[in-house]
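This report concerns only the one structure given below.
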Amino acid sequence: MANIRKVMPVDTLNLIVSYFRINDAGNYENTPVVDILFEAFEYSWPLVILDTFHVKKYGGVSGALLDRRRQDWIQVTRELPEDPPLLGDMVRHLAVGLVLYDVAFFLQHFTFHKIPTLYRLFHKKHHTHTSVNVKVTNRLHVIERILLVLSANFGLWVQGAHPLTRSVFIVVFISLLIENHCGFDFPYSYDKILPSGLVGGSKRHCEHHHNGNKNYQPIFTYIDALMDWMKRK
């Protein structure tokens, strides 16, 4: 029949995507170009300062080389390990790094929520939105952004992780943060692939953004579960 509109592939895709939407989350937000550029600058300048003046210590680099590097006020190059990392070491450093990052982030996140002054000054910006979506991932106060970077680096630094491992870690942990804020509960999400209850996922994190009083861990769930259990006692 001529008056029946044919369903186009894009319509089908929209229906499928809408099916996995978490309540009113996942709505697109238009962001002015000026705001995007400012966010890029705000995200980059702490990293630029650290990379310019801080001597990074990697496993496999001798102390003598690091001491020589510290004599330079501005760091234009890095002392890197000569040997590539072993696959087993990379997997171990990534796993331990994610666990330590999760704990460090939980401590600061929980503190920001429980101390009203800290919430108002530093964390409220992250919860200022009409809908949880991927852009909320980067909506952070500069202090919280720096703490996020330091938390991520901490778990790798204490292990002496290889620079290649650190590069892979950045991709993994940013991907997890983006998925947490995507606003959709897809069947292939990482919380569906890993053992049930081990990690949170986007649905639990959306609950945190809606309620603000639970699900503080960014990746795992065991501390949140322990807190819930203690409340019931």
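Debye-formula intensities of the stretch 10-139, expressed as log10 I(q)/I(0) at q = 0.12 Å⁻¹, are -0.86 (one equal scatterer per alpha-carbon, no solvent). In terms of other Cβ atoms within 10 Å, 90, 230 run from fewest to most in the order 230, 90.
About its Cα centre, the stretch 19-136 has a charge dipole of approximately 380 debye under the convention of +1 per Lys or Arg Cβ and -1 per Asp or Glu Cβ, with nothing else charged. Placing +1 on the Cβ of every Lys and Arg and -1 on the Cβ of every Asp and Glu, with no other charges, gives the stretch 40-99 a dipole of roughly 120 debye about its Cα centre.
Show me the helices of the chain, taken as full DSSP H stretches, that run 18 Å or more along their long axis by Cα and average 0.5 or above in Kyte-Doolittle hydropathy.
33-53, 87-114, 142-157, 163-180
Only DSSP H runs of four or more residues enter the estimate; each adds -39500 (n - 2.57), and after division by the residues of the chain the mean residue ellipticity at 222 nm equals -17500 deg cm²/dmol.
By the count of neighbouring beta-carbon atoms within 10 Å, fewest first, 19, 119 end up ordered 19, 119. Relative to the Cα centre, the charge distribution of the chain, modelled as +1 at Lys and Arg Cβ and -1 at Asp and Glu Cβ, gives a dipole magnitude of about 560 debye. Here the Debye sum runs over all C-alpha atoms of the stretch 159-233 as equal scatterers in vacuum, and log10 of I(q)/I(0) at q = 0.22 Å⁻¹ comes out as -1.01. Of all lysines in the structure, those lying under 26 Å Cα to Cα from residue 231, and not within fewer than 8 positions of it along the same chain, are 114, 124, 203, 214.
Size descriptor for the chain, Kirkwood hydrodynamic radius: 20.2 Å (Cα pairs only, one decimal). Find which of 43, 74, 18 sits farthest along the positive direction of the dipole of the stretch 17-99, computed with +1 on the beta-carbon of Lys and Arg, -1 on that of Asp and Glu, about the Cα centre. With unit charges placed on the Cβ atoms, the residue in question is 74.
No lab work stands behind these numbers, since they all come straight from the coordinates. Since we're looking at a predicted model, the values are computed, not measured. A quick note on method: Cβ atoms are made from the backbone with ideal geometry, for glycine too, and the neighbour counts reach across all protein chains shown.
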